[in-house]
Amino acid sequence: MQEITTDRVVIVGAGLGALYAALMLAPRPVVVISPERLGEGASSAWAQGGVAAAMDLADSPEAHAIDTEVAGAGTVDAEVARMVTEAAREHILQLTTLGTPFDRTEDGDYVLSREAAHSFARVVRVKGDQAGAEIMSALIDEVRATASIQVLEGALATRLLVSNGVVDGVELQSSAPEGSSPVMLRGAGYLLAGGGSGGLYALTTNPPRIRGQVIGMAARAGAVIADAEFVQFHPTAIDVGEDPAPLATEALRGEGAILLNKAGERFMTAEHPDAELAPRDIVARAIFAQTQAGNRPVLDTRQALGIQITDHFPSVAEACLRNSVDPVVQPIPVAAAAHYHMGGIATDQQGRAEGLGNLWVCGEASSTGLHGANRLASNGLLEALVYARICALDIAEHCAMEDIAEPVVPIFSKVAGTERSDAITALRQTMTAHVGVLRDADGMKAALRRIAKLEEAHGTDESFRNMCATATLIAASALMREESRGAHARIDFPDPLPGPGKRSRMTLEEALSLRTQIVSEDP
Ligand code: SIN
């Protein structure tokens, strides 16, 4: 195997957290491992809503922190919520300096959108629903102009090398579908910023590459995984048969769009006093129930926005039109789809991974305690920004780096690839069927048995093993949590346990031992 040793910090992933951390580390040399061309395939670039931040003088970080805790259903780390919401403003100003063209009022103030479960309009946005794409575009320009940042496109991280509990290398392969021989890259330190797990589900809003590989890779190396059972389903994925499903941002409901069923009933008014702006888990379950009952839920923007949807929400309008739905005159068919993983690699307040040394994590791959059981809208990009900087500062303090480093040049040789797309499809269908919006013990046990079989059949494929590891952790943690809380809704345990909620922690070893026990019970 080719082995490369570099003075660069290795950053796995190329979304918002990865690029922001790379810029914060400059001029220290880093190499960014990007499976796609920069800007393609990262969840951040698909984010529509924006970044939550108390920018209005009448608003406050304290109010933002309280909303975060209430949405999180009793498992948010209050200290983390306070720290992140307090830092929000300075990151918006920093992104503005880096060239993000946030929407402004005539007076020059930031235009602020209202999203579900926020007590204030506090989501800064760009060109309506273009926040993710525009922030990424500004960062990519800056990254391309920064000499200390090497971007390695077309490479996929598949395995961490650990020596005495400390990460000592990351194995890379070509990200081409047929894979390649592995290359071992040893860097000065390692930052995982490679996204969440939405694509482990058959119905998802996440880009196709985002299938829990980074969380699974860290779990296989011994990292502790927190809150794996908490997977957020977005209520209004556009239900037109596309995979991934395009998103109809929650900001549309903030503008007054309403949810109807095929009988024309506005069903959310009976579900929650905030109706369409109830917390995301509640709206997602209501949509799911309507879909299951054959009531074909739709999002109706006609009255609230009319023709303005075309200019104010161009991504949504374009996704509708390419599927022959004209949102100016027709309601938009919607379904609940896997959107964001609150769980991930347990990290401390320095962004260090619990259980492994020389490893930092930021963004959706991490579980910092900010989101609890249900992430507040537009807190995802915010968390990525805040922890990217925290990680960068801590890495700079603890990793010995030279100022200049040679570029990393891996040589990926072709190997006879294994066909695994059917296995991935089966894994995704299993997760949607048994570990989705509503769960019960029988379904989750069935999921664990199925994942075990798929892994046994395709266990030589490192990337697939990473996906199976994360799927196993989600199903096992969900099985162990015998209550309903936030996004984790169990038919067999419909109520939350009394008292404050507890975060969960599980290693892959523990999850596999539970899986083995369940497989052995198979009649
Ligand atoms: C949305 O725009 O509805 C999604 C925003 C988010 O997931 O935070």
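Assorted remarks:
- Sequence-separation-based contact order of the chain, relative, with Cα cut under 8 Å and 6+ spacing, percent: 23 percent
- Dimensions in Å of segment 1-111 - Rg and Dmax from alpha carbons: 17.6, 60
- Shape summary: segment 43-185 maps onto an equivalent ellipsoid whose semi-axes, from the alpha-carbon gyration tensor, are 35, 22, 14 Å in decreasing order.
- Spatially proximal lysines relative to Lys502 (Cα-Cα < 28 Å; intrachain offsets below 8 disregarded): Lys445
- Cα-based equivalent ellipsoid of segment 190-242: semi-axis lengths in Å, sorted from largest, via gyration tensor: 25, 12, 8
- Computed over segment 221-280, Kirkwood Rh from alpha-carbon pairs, angstrom: 14.1 Å
- Rg over Rh [alpha-carbon atoms, Kirkwood Rh] for segment 407-450: 1.32
- Relative pair counts by distance (%), Cα atoms of segment 52-136, 10 Å bins: 17, 48, 30, 5, 0
- At 1.002 mPa s and 20 °C, Stokes D of segment 264-339 from Kirkwood alpha-carbon radius, µm² per second: 161 µm²/s
- Inverting the pair-averaged 1/r between distinct Cα atoms of segment 145-240 gives 15.5 Å as its Kirkwood hydrodynamic radius.
- Rounded to whole Å, the principal axis extents of the Cα atoms in the chain read 66, 62, 47, largest first.
- Gain on full extension, evaluated as 0.36 nm per residue between Leu161 and Arg296 minus their Cα-Cα distance, stands at 43.8 nm.
- Relative contact order of segment 153-193, defined on C-alpha pairs under 8 angstrom at six or more residues apart (%): 32 percent
- Ratio Rg/Rh, restricted to segment 397-523 and using Cα atoms, in which Rh is the Kirkwood radius: 1.13
- Structure-based [θ]222 nm, the chain - -39500 (n - 2.57) summed over DSSP H runs of at least 4, per residue, nearest 500: -11000 deg cm²/dmol
- Computed over segment 220-317: relative contact order in percent, which uses C-alpha pairs under 8 Å that are six or more apart: 30 percent
- Under the combined filter of DSSP loop state and at most 16 neighbouring Cβ atoms within 10 Å, segment 427-502 retains these GluC sites (Glu not before Pro): Glu482, Glu483.
- Rounded to whole Å, sorted largest first: equivalent-ellipsoid semi-axes of segment 1-51, Cα gyration tensor: 24, 15, 6
Bear in mind these aren't lab numbers, they're just calculated from the coordinates by the rules spelled out. Worth saying up front: this structure is predicted, and the values here are computed from it rather than measured. Every residue, glycine as well, gets a Cβ built from its backbone with ideal geometry; the counts of neighbours run over all protein chains shown.
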